[in-house]
Amino acid sequence: MNVIKNLKLLELNDLEIYSAINGEEKREQQGIELIPSENYTWPEVLIANGSILTNKYSEGYPGKRYYGGQEFTDRVESIAIERAKKLFRAEHANVQPLSGSPMNQAVYLSFCKPGDTILGMDLSHGGHLTHGAPVSHMGQIFNFVRYKTDPENNGKIDFDELLKTAKEKKPKIILCGYTSYPRDLDYAAFKKVADEVGAVTMADMAHIAGLIAGNAMKNPLDFGFDIMTITTHKSLRGPRAGLILCKKKFAKQIDKSVFPGLQGGPHMHTIAAMAVALGKAMQPEFKTYAHQILKNAQALAQVFLNNNVKLITNGTDNHMMVIDTIKSFNIDGKTAEQTLDKISVTVNKQTIPDDPNPPLKPSGIRLGTPAATTRGMQEIEMQKIGAWIINGLTIYQDENKLREIKKEVEAMCLQFPVPGI
Ligand code: DSN
């Protein structure tokens, strides 16, 4: 296979882009990646993603394409579909969504007309931008009604309240899933509410796809959910793409909604890379990896709790945590993110439930353990990382001390190579 794996040719022909990629490689190797939605993919995924499959147009589905020359693309897509169904115990899989936003849009557009109601988690309580944030097109096309979590009660969802809202608003879809919610969800309770009001159940499991694949967290499909959406580049360690899993009875309408409803030609190189990642996630060592992500999250959360750092929901059931930096360190999330950048620890600023501060200068930061776990870091490293974060945010104005911490962080990172670099 003539895949140009080393970057020599690029270096010779496009120095500007080459040096930016090279810089990113160094950044990824030298620092600790704690953004919970990021990860390091497998070298084999990088190879498939960089393959000549990028040359091909394949509108349609295996066996039913609009252009010729599909012998190998059909094979690639069929393998990806079969692996996805097997791994997630799904009746049907559509592997064509280009990423998370079109994936969720395809589901909404498949079940709802403009103005229809969808019940989803409030953005500041952990829901995602594509779950109807007013700034998103979906938020303008559909009537998103939001439910909240109870920060006083470890982030629990009040299902009596949810049922009351569902009866009143009559949603077409009841959506659960999150982007910054550190607890597990009660899928049976969501299903019960949806059944009472005749709504479709949809779980956006983008963040925890790898944890579900590795049997470290529950699978909503096992609770009778109609639809599950995932992105494959987060805890699943695959390429940057979306995947829709659903019951057979919705297969046709979901496929039609993705293509030709929303998208044109699928990215066959990415679908090949997804198939490779799904194959990797079926191996027994992936289960060990998924469970280690959770152990690392517990270890990191414990360092914070032991040092009176305020965690939203007071702990975590999954791979992530949200720190209230104002309560814990008297600094906003933007300053905290920038401070941690200075010690080569990458996190993202994050709104907290009903945040009084704006999204670009919110009250917290969000962090998670999938990427660090991929490099082989374990509980002992989590203790060091937790201490560096607390130390850095406490002395955030002392540039000399921050430089000293950065050296310690980078020395540790050198012992844990990034796959593919
Ligand atoms: N932007 C992703 C995240 O960080 O959670 C979700 O799309």
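Observations on the structure shown:
- Residue-normalised convex hull volume from the C-alpha trace of region 132-195: 98 Å³ per residue.
- Per-residue surface analysis assigns Ile17 an accessible area of about 90 Å², computed on protein heavy atoms at 1.4 Å probe radius.
- For region 224-256, there are no residues whose amide N sits under 16 Å from a probe point set 7 Å from the Cα of Glu25 along the beta carbon direction.
- Region 44-166 - percent relative contact order, Cα under 8 Å, separation 6 or more: 13 percent
- Only Cα sites of the chain enter the Debye sum here, all with the same form factor; the resulting log10 I(q)/I(0) across q = 0.13, 0.14 1/Å is -1.18, -1.33, listed in q order.
- Theoretical gain in end-to-end length, Asp186 to Met282 [0.36 nm per residue, Cα-Cα removed]: 32.0 nm
- Between Lys252 and Gln383, the FRET efficiency estimated from the beta carbon spacing at R0 = 41 angstrom works out to 0.20.
- Surface share of carbon and sulfur [accessible, 1.4 angstrom probe, percent] for the chain: 52 percent
- Candidates Gly63, Gly50, Gly31: whichever shows maximal mean-square fluctuation once the chain is modelled as a Gaussian network with Cα springs under 10 Å: Gly63
- Two-site label geometry, Gln140 and Arg89: point separation in nm, points 7 Å out along Cα→Cβ: 4.1 nm
- Each Cα pair under 8 Å and six or more residues apart adds its separation to the average, and for region 256-328 the resulting relative contact order is 21 percent.
- Paramagnetic reach from Asn13 (point 7 Å along Cα→Cβ, amide N under 18 Å) across region 56-91: 56
- Most mobile of Leu53, Leu12, Leu236 in a GNM of the chain (Cα contacts under 10 Å): Leu12
- Between Glu161 and Glu408, the modelled label-to-label distance comes to 4.1 nm, taking each label 7 Å out from Cα in the direction of the beta carbon.
- Taking every C-alpha pair closer than 8 Å and separated by at least 6 residues, the mean separation divided by the residue count of the chain gives a relative contact order of 23 percent.
- Heavy-atom accessible area per residue - the chain, 1.4 Å, Å²: 44 Å²
- For the residue pairs Lys384/Lys406; Lys113/Lys252; Lys247/Lys280; Lys86/Lys247, the alpha carbons lie more than 19 Å apart in Lys247/Lys280.
- In this simple spin-label approximation, Ile395 and Asn153 carry label points 7 Å from Cα along the Cα→Cβ vector, and these lie 4.3 nm apart.
- Computed [θ] at 222 nm, helices only, for the chain once each DSSP H run of length n ≥ 4 contributes -39500 (n - 2.57): -13500 deg cm²/dmol
- Restricting the calculation to alpha carbons of region 221-340 gives Rg and Dmax of 19.4, 53 angstrom.
- Over 18 Å [Cα-Cα, region 297-399], rounded percent: 42 percent
The values are calculated or read from the model by the stated rules, or taken from the named source; none is laboratory data. This structure is a prediction, so every number in the text was calculated from the model and none was measured. Cβ sites come from the backbone with ideal geometry, for glycine too, and all protein chains shown count toward neighbours. For the accessible areas, the whole protein counts, side chains as well, though only heavy atoms, and no ligand, DNA or RNA atoms are used. Shrake-Rupley method; radii C 1.70, N 1.55, O 1.52, S 1.80 Å.
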